[in-house]
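K.L.:
To start, I am sharing the structure in question, which I have written as structure tokens.
The values are calculated or read from the model by the stated rules, or taken from the named source; none is laboratory data. In this text the structure is predicted, and so the values were computed from the model without any measurement. A quick note on method: Cβ atoms are made from the backbone with ideal geometry, for glycine too, and the neighbour counts reach across all protein chains shown.
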Amino acid sequence: MALPFLFVLNGVWVMSEIDALKGELEVLQEKALASFLKAADLTALQTLRVAYLGKKGELTSVLKGVGKLAPADRPVIGQFVNATKAALAEALDAAEVLLAVKEKQQRIEAERLDVTLPGRSATRGVLHPVQQGLNEMTAIFAQMGFAIAEGPEIEDEFHNFDALNIPQEHPARAMHDTFFFESSGEQQAKLLRTHTSPVQIRTMQACIASGGKPPLAVVAPGRVYRCDYDVTHSPMFHQVEVFKVDKDVSLAHLKGVLQHFLSAYFEKEVSIRLRPHYFPFTEPSAEVDIGCVFCAGKGCRICKGSGWVEVLGSGMIHPNVLKSVGIDSEIYSGFAFGLGVERLVMLKHGIPDLRLFFENDVRFLRRMGANT
Ligand SMILES: [Zn+2]
């Protein structure tokens, strides 16, 4: 800094006004330049720009002193002020460039992506194996032209038993281990359906009630309930009911549909056999076995050495069932069968215990999900 010119006034050393102003400007410039270098970021720098060069900034307040100068001095100090202003502006611009570069680098550093790190895999849910089984089975029947139908899980005795040729006191009612709701006297007892066969009754009733008539070909998947729990039984399980009613439907049609369905579901040509059996709602009735899918008929633990595994119950719809819904059994006949979904899924995937389906062990469910 140049030394200001001093002179004596009334015996005191004083600076000339112009030199005092110049001195102030020099101090201001030094202070400003130092503060620009210390600015932490662009926002702080902008605050400094306003503080020094703004309308109410420090430079402006110094300029207020110019008015006190002699008119001849004003251009001199004017040049000085302009030089200071230019120096500050230049320094601010330079600092701004530096800070911008610095901030960009910081941002890049913060957003740095290490492409060699292993990715975070998102957990994917899978369909429950029983639901997968239901979907696969229903899809096969749908491809064969069967329409999908559903019915209520809370049923009455008429749809669950009476209409299916299981009258009151019939021993088959006891076999079903039914969950009954508490009955309030007059009304028909409500119950949790013990099979999906009531959907057969409801579908045929709805068809007749709307003035329709067979042919009817329906697949009805759903939950059913029985009071039973062990390795092969659960109080809630799933069935798929399949039936067809038309003129001249025969046992041969039943066998053809079963053969196609079971081979499609197990994804290989399976041999089937029909064993005579008794069900109240079909006549004749047959239990259906497939050649053991584990030992190819040679005999193993699953088929208990017989080479055959029972998979479902079937038969020709009993004339009494058709009569109960108002279909003339002299003109129409039909076949029906009901299969246990869990049982078929267990056989297809070699699952030893039915309870695995209901324990919700994620490891089991995930492994099963990976099968499809
Ligand atoms: Zn076997």
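K.L.:
Of a type in the set (Gly, Ala, Ser) and out of contact with any strand residue (DSSP E or B) (no Cβ under 9 Å at 6 or more places or on another chain): is that true of ALA20 in this structure?
P.N.:
Criteria not met by ALA20.
K.L.:
Does the range 282-291 contain at least one residue that is part of a loop (DSSP other than H, G, I, E, B) and within 14 Å of LEU344 (Cβ to Cβ)? Even if it seems obvious, please write down each step before you answer.
P.N.:
Going residue by residue through the range 282-291, those that are part of a loop (DSSP other than H, G, I, E, B) are none.
No: zero hits.
K.L.:
Looking for whichever is more than 16 Å from the ligand (Cβ to nearest atom) and exposed (fewer than 15 other Cβ atoms within 10 Å of the Cβ) here; the options are VAL257, VAL249, VAL242, VAL231. Which one fits?
P.N.:
Matching residue, one of VAL257, VAL249, VAL242, VAL231: VAL231.
K.L.:
Hey, any hits in the range 290-297 for a residue that's free of Cβ contacts under 8 Å to residues at least 24 places away in the same chain, over 27 Å from TYR332 (Cβ atoms) and in contact with a helix residue (DSSP H, G or I) (Cβ under 6 Å, 6 or more places away or on another chain)?
P.N.:
No, there is no match, as no residue in the range 290-297 is free of Cβ contacts under 8 Å to residues at least 24 places away in the same chain, over 27 Å from TYR332 (Cβ atoms) and in contact with a helix residue (DSSP H, G or I) (Cβ under 6 Å, 6 or more places away or on another chain).
K.L.:
If I ask for residues that are more than 16 Å from the ligand (Cβ to nearest atom), surrounded by 18 or more Cβ atoms within 10 Å (Cβ to Cβ) and in a helix (DSSP H, G or I), which ones from the range 318-349 would you list? Spell out the reasoning first.
P.N.:
Within the range 318-349, the first condition is being more than 16 Å from the ligand (Cβ to nearest atom), and the residues that meet it are 318-342, 345.
In the following step, the residues that additionally are surrounded by 18 or more Cβ atoms within 10 Å (Cβ to Cβ) were identified as 318, 321-322, 324-325, 327, 332-342, 345.
Of everything in the range 318-349, those that are more than 16 Å from the ligand (Cβ to nearest atom), surrounded by 18 or more Cβ atoms within 10 Å (Cβ to Cβ) and in a helix (DSSP H, G or I) turn out to be VAL321, LEU322, SER324, VAL341, GLU342, VAL345.
K.L.:
Anything in the range 265-317 that is among the polar types (S, T, N, Q), within 14 Å of the ligand (Cβ to nearest atom) and over 41 Å from the mean Cα position of the chain (by Cα)? List them, or say none. Break it down into steps so the answer makes sense when it comes.
P.N.:
From the range 265-317, those among the polar types (S, T, N, Q) are 271, 282, 285, 306, 314; that's our starting set.
Those left that are additionally within 14 Å of the ligand (Cβ to nearest atom): 271, 306.
Residue satisfying the conditions is SER306 alone.
K.L.:
With respect to THR203, determine if the residue is on the phi < 0 side of the Ramachandran plot, in a loop (DSSP other than H, G, I, E, B) and either surrounded by 13 or more Cβ atoms within 10 Å (Cβ to Cβ) or touching a Ser or Thr at 6+ places or on another chain (Cβ under 9 Å) (or both).
P.N.:
Answer is no for this residue.
K.L.:
Regarding GLU287, is this residue closer than 30 Å to PHE158 by Cβ, touching an Asp or Glu at 6+ places or on another chain (Cβ under 6 Å) and at pLDDT 95 or above?
P.N.:
Details: closer than 30 Å to PHE158 by Cβ: yes; touching an Asp or Glu at 6+ places or on another chain (Cβ under 6 Å): yes; at pLDDT 95 or above: yes.
Considered against the rule, which asks whether it is closer than 30 Å to PHE158 by Cβ, touching an Asp or Glu at 6+ places or on another chain (Cβ under 6 Å) and at pLDDT 95 or above, GLU287 comes out as yes.
K.L.:
Of the residues that make up the range 143-160, is at least one at positive phi and at pLDDT 95 or above?
P.N.:
Yes, because at least one residue in the range 143-160 is at positive phi and at pLDDT 95 or above.
K.L.:
Answer yes if at least one residue in the range 75-88 is part of a helix (DSSP H, G or I), of a type in the set (Lys, Arg) and under 51 Å from the mean Cα position of the chain (by Cα), and no otherwise.
P.N.:
The answer is no; no qualifying residue exists.
K.L.:
Taking the range 1-52, which residues are modelled with pLDDT under 75 and assigned to a loop (DSSP other than H, G, I, E, B)?
P.N.:
Within the range 1-52, MET1, ALA2, LEU3, PRO4, PHE5, ASN10, GLY11, SER16 meet the criteria.
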